[in-house]
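First comes the structure, then the notes that go with it.
Just so it is clear, none of the values below were taken in a lab; they were calculated from the coordinates. In this text, all values refer to a predicted model and were calculated from it rather than measured experimentally. Glycine gets a Cβ as well: all are built from the backbone with ideal geometry, and neighbour counts include every protein chain shown.
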Amino acid sequence: MTDVRGEIDVRADGEHRYRAVLETSSGERTEHLVTSDAELLERIQATEAEEPFLVRRVLEVLLETVESSGGEVPAVVDLRELDRERPELLPSVPLR
């Protein structure tokens, strides 16, 4: 997950809400909203202090996928929905 070729800027935008700007290695910039909640954090055993790191790491994974196989990162990334679709992903994301 550290081989991300693009840039990621994440900023808190309320409780369990983050605004992110992603820039791919080709220079394309996109804006995203990432949401989470306390129940999800509890399920994956992450603290609220670790939540911004979780958001960044998930965006790194999504950006890597886009960089390697095409597609695009959704404008809204709901971590609860992502967890339902890929239950193995969030618990496996290193936060330290």
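Legend: calculated FRET efficiency, Phe53 to Ser26, from the Cβ-Cβ distance at R0 = 30 Å, rounded to 0.05, equals 0.70. Take the Cα of Leu95, step 7 Å toward its Cβ, do the same at Arg19, and the gap between the two points is 2.5 nm. Normalised by the number of residues in the stretch 7-92, the average gap of Cα pairs under 8 Å and 6 or more apart makes the relative contact order 28 percent.
Relative to the longest principal axis of the Cα atoms of the chain, helix 51-69 runs at roughly 40 degrees.
Taking every Cα-Cα distance in the chain and sorting them into 10 Å bins starting at zero, the pair-distance distribution P(r) comes out as 16, 54, 28, 2 percent.
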